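Trainee: Please find one structure pasted underneath; my questions will follow.
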């Protein structure tokens, strides 16, 4: 097996986040699922955008956010995702590449436009996401760069992208490409509603030993295992997943690898501004430690530091210098 | 003269800001004019965007920023400016309207696209702006809503928009419409380079008594009057302009109206993050006080508070609640 050329290659939604603060009454008035991610069609996206206050646009997408964090930490990364040939697609591609991430998926001509996620941020910093998938749902398996996948130490997949059919097929093919090349497959469960729809697929992949590294939060863990108790959920998965990472918001996170178990508290922060991307950046920090061969506890600490950075400001892409922030934990 | 329906109507560039932090070396390497505003063509815009780090998009445009501040303070506002029929045009229009500002200028079909401003923000918070004018430069005089102009207490014009021919003609016609309706005309000089190109026009307007309220910073004042000394510059203009407001960055600002003179220091702030929009929001606070009939010193104080808010974060649109911030000064 040749030395990996990339540390992590990811397949994910190519989305621009459209974010605005809002009060709690607006969340209720619009009938939004507070704290969740809902897929919306063109009409609903229009309705929600019309109701939204002055916004800002920042590139997002769960896996792309994770790569942005990894690249900022110094990892070599590649991204696979579908944008349209439009201005938001240009914004997304620019921001990925400007972060030092390889991105060679051809743009898709014609409708629909590039994906966007309308994010309402309440005063407590909680984000409520409404995703218009647009071009992102049409990532074809033919767009995969299998040579790049085979050259990456870890293939990282975003559960959100399991919903649309074409990317799901592409991800299945990518899993095969990675495993045939002897690489690891990492998967993030993304959202409890995604598990409601595709839990059988996810459990089948896990049972078949196709997932080497699994990221979940405590809600997703319960949805996947059907077990409300956190420790029961971990016990049910630890024999099937070589490396399991479960985040618990303000209660920190745990990682389990065979007999090893490690735990980290959340990093203290002055004020939670916007939780968008907290899980994504936790995964970035953790994976950076992992591809560098660090112990579980150090990987968790790196995840906690990166998550704390991202929730201290608007947007799911890092603003502070993650290398500086993580230097003490890497020393 | 009927009671005004609007407090302020403005004509300005309809621009989305594309902003990224950068180090000082990049400014030099790209040959940028530090702290200034430079007009760029398609190729140069491409070159600069390629060199820019991961960015965020926030609606901008000098006069539109001022209106966003005014509307946030509770003023009734209207905007006139040209966007294209594209995604950035939609972003700009959404953000203006979501702020409660009337905006009825028809979108312009076809090329060029909506204007954008590539803003490099150095660690000291200074912004270096590179504007691709796109559709914004094609605002036709026929797009003016003269009834709306006649119904506004103040017509506010952005000097930046004096460069392209069509908007210049539109602004001249708007000045006539406002003056014929007995309304006031406010003008912001925008940039010393604009004065280099159009100082004769500006001086002619002032000499003809067409400008009731003039906003300038100390550099623009010197460029307009040819007098380096701040007090000499004010002395040269005060007889010609009924209300003159001059900002001096960290040194505060002054206002002169006939025999009246008032001065305000800059508001203390913890850290200058990004000076983009400082002058625009100063004008917003000042004009809000003015249309409410407040004394010069109070108008200046409101300007200083709004400017301090805008430089404490990225982007030229207010994030904090300006009503709350200005409540003590309005009490």
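We did not get these values from a lab; they are worked out from the coordinates using the rules stated. Worth saying up front: this structure is predicted, and the values here are computed from it rather than measured. Cβ: placed from backbone, ideal geometry, glycine included. Neighbour counts: every protein chain shown.
Trainee: According to the square roots a ≥ b ≥ c of the eigenvalues of the Cα gyration tensor, what is the shape class of segment B:56-138, taking rounded for a/c under 1.5, prolate for a/b larger than b/c otherwise, and oblate for the remainder?
Mentor: In terms of gyration-tensor shape, oblate.
Trainee: Sort B:305-315, B:34-44 by packing, meaning the average of other beta carbons within 10 Å per residue, with the highest value first.
Mentor: B:305-315, B:34-44
Trainee: If you don't mind, another one. Taking the DSSP beta bridges in chain B as the whole, what percent of them are antiparallel, to the nearest 5?
Mentor: Counting only bridges with both partners in chain B, antiparallel ones make up about 35 percent.
Trainee: Hey, what did chain A get for relative contact order, percent, Cα under 8 Å, at least 6 apart? Walk me through the numbers on the way to the answer.
Mentor: On the way: 758 pairs, mean separation 61.0, N = 331.
Taking the mean separation of contacting Cα pairs over the length of chain A, I get 18 percent.
Trainee: Using the reciprocal of the averaged 1/r over all distinct C-alpha pairs, how large is the Kirkwood radius of segment A:169-285 in Å?
Mentor: 15.0 Å
Trainee: Now a separate question. Along Cα→Cβ at 7 Å, what distances in nm separate the residue B:172 label point from those on the other copies, shortest first?
Mentor: 6.8
Trainee: Something else now. Considering only the label points, 7 Å along Cα→Cβ from Cα, what distances in nm to one decimal separate residue A:51 from the same position in each other copy, shortest first?
Mentor: Label point to label point, same position, other copies: 4.5 nm.
Trainee: Please rank A:290, B:231, fewest neighbouring Cβ atoms within 10 Å first, as an exposure proxy.
Mentor: Starting with the residue having the fewest Cβ neighbours, the order is B:231, A:290.
Trainee: Can I ask one more? May I ask what percent, to the nearest 5, of DSSP beta bridges between residues of segment A:69-159 are antiparallel?
Mentor: Working: 6 of 9 bridges.
Given both bridge residues lie in segment A:69-159, the antiparallel proportion sits at roughly 65 percent.
Trainee: In whole angstrom, note down how far apart the Cα centers of segment A:305-331 and segment B:194-246 are.
Mentor: 47 Å
Trainee: Label segment B:82-128 by shape, choosing from rounded, prolate and oblate, from the square roots a ≥ b ≥ c of the eigenvalues of the Cα gyration tensor; if a/c is under 1.5 it is rounded, and otherwise prolate applies when a/b is larger than b/c, oblate when it is not.
Mentor: In terms of gyration-tensor shape, oblate.
Trainee: Follow-up question, since we're still on this one. Taking the label point 7 Å from Cα in the Cβ direction, how far apart in nm is residue B:31 from each other copy of itself, listed shortest first?
Mentor: 5.7
Trainee: Sorted from largest to smallest, which semi-axis lengths in Å does the alpha carbon gyration tensor of the protein assembly as shown give for its equivalent ellipsoid, taking the root of 5 times each eigenvalue? Write out the running numbers ahead of the final one.
Mentor: Numbers: eigenvalues 503, 111, 100 Å².
The equivalent ellipsoid of the protein assembly as shown has semi-axes of 50, 24, 22 Å.
Trainee: Mind computing the radius of gyration and Dmax over the alpha-carbon atoms of chain A? Å is fine for both.
Mentor: Gyration radius and largest Cα-Cα distance of chain A: 18.3, 56 Å.
Trainee: At 222 nm, what helix-only mean residue ellipticity would the protein assembly as shown give, in deg cm²/dmol to the nearest 500, using -39500 (n - 2.57) for each DSSP H run of four or more? Can you show the working numbers first?
Mentor: On the way: 24 runs with 262 residues, N = 662.
Value at 222 nm, helices only, nearest 500: -12000 deg cm²/dmol.
Trainee: Is the shape of segment A:127-216 best called rounded, prolate or oblate, per the rule: a/c under 1.5 gives rounded, else a/b larger than b/c gives prolate, else oblate, with a ≥ b ≥ c the square roots of the Cα gyration tensor eigenvalues?
Mentor: Verdict is oblate for segment A:127-216.
Trainee: Got the relative contact order for segment A:1-75 handy, in percent, Cα pairs under 8 Å and 6 or more residues apart?
Mentor: Relative contact order comes out at 57 percent.
Trainee: If I take all pairs of Cα atoms in segment A:197-263, what percentage of them are more than 19 Å from each other?
Mentor: Working: 513 of 2211 pairs.
When all Cα pairs of segment A:197-263 are counted, 23 percent exceed 19 Å.
Trainee: Starting from the exponent 0.38 and prefactor 2.2 Å, build the expected Rg for segment A:1-112 from its residue count and divide its actual Cα Rg by it.
Mentor: Details: Rg = 16.5 Å, N = 112, 2.2 N^0.38 = 13.2 Å.
With N residues counted in segment A:1-112, Rg over 2.2 N^0.38 Å equals 1.25.
Trainee: Rank these for me by crowding, A:91, A:291, A:273, going from fewest to most other beta carbons within 10 Å.
Mentor: A:273, A:291, A:91
Trainee: Using alpha-carbon positions, what is the distance between the centroids of segment A:61-118 and segment B:50-91, in Å?
Mentor: 24 Å
Trainee: Between residue B:85 and residue A:204, what FRET efficiency comes out of the Förster formula 1/(1 + (r/R0)^6) with R0 = 60 Å and r the beta carbon distance, rounded to 0.05?
Mentor: FRET efficiency, residue A:204 to residue B:85: 0.80.
Trainee: Take every Cα pair under 8 Å in segment B:59-189 that's 6+ residues apart, average their separations, divide by the length, and report that relative contact order as a whole percent.
Mentor: Over segment B:59-189, the number comes to 20 percent.
Trainee: Provide the convex hull volume over Cα atoms per residue for segment A:65-221, in Å³.
Mentor: Dividing the Cα hull volume of segment A:65-221 by its residues yields 128 Å³.
Trainee: Sticking with this structure for a sec: Find the Cα radius of gyration of segment A:254-331, compare it with 2.2 N^0.38 Å by division, and give the number to two decimals.
Mentor: 1.05
Trainee: Let me ask you something else. Over the whole of A:43-56, what's the average partner chain Cβ count within 10 Å per residue? Rounded to a whole number, please.
Mentor: Going residue by residue through A:43-56 and averaging, the value is 4.
Trainee: Ok, one more. Just to be sure I understand: with springs between alpha-carbon atoms less than 10 Å apart, which residue in A:215, A:288, A:103 has the highest mean-square fluctuation in the Gaussian network model of chain A?
Mentor: Answer for the Gaussian network model of chain A: A:103.
Trainee: How much length would be gained if the chain were fully extended between residue B:107 and residue B:320, taking 0.36 nm per residue of separation minus their Cα-Cα distance, in nm to one decimal?
Mentor: Extra length from residue B:107 to residue B:320 when fully extended: 73.7 nm.
Trainee: If you don't mind, there's one more thing I want to ask. With springs only between Cα atoms under 10 Å apart, run a GNM on chain B and tell me which of B:177, B:250, B:141 wobbles the most.
Mentor: Judging by the Gaussian network model, the answer is B:250.
Trainee: How far apart, in nm, are two points set 7 Å out from the Cα along the Cα-to-Cβ line at residue A:50 and at residue B:42?
Mentor: Taking the simple label geometry, residue A:50 and residue B:42 are separated by 3.4 nm.
Trainee: Return the percentage of antiparallel bridges among DSSP beta bridges fully within the protein assembly as shown, rounded to the nearest 5 %. Walk me through the numbers on the way to the answer.
Mentor: On the way: 41 of 111 bridges.
Beta bridges within the protein assembly as shown, antiparallel portion: roughly 35 percent.
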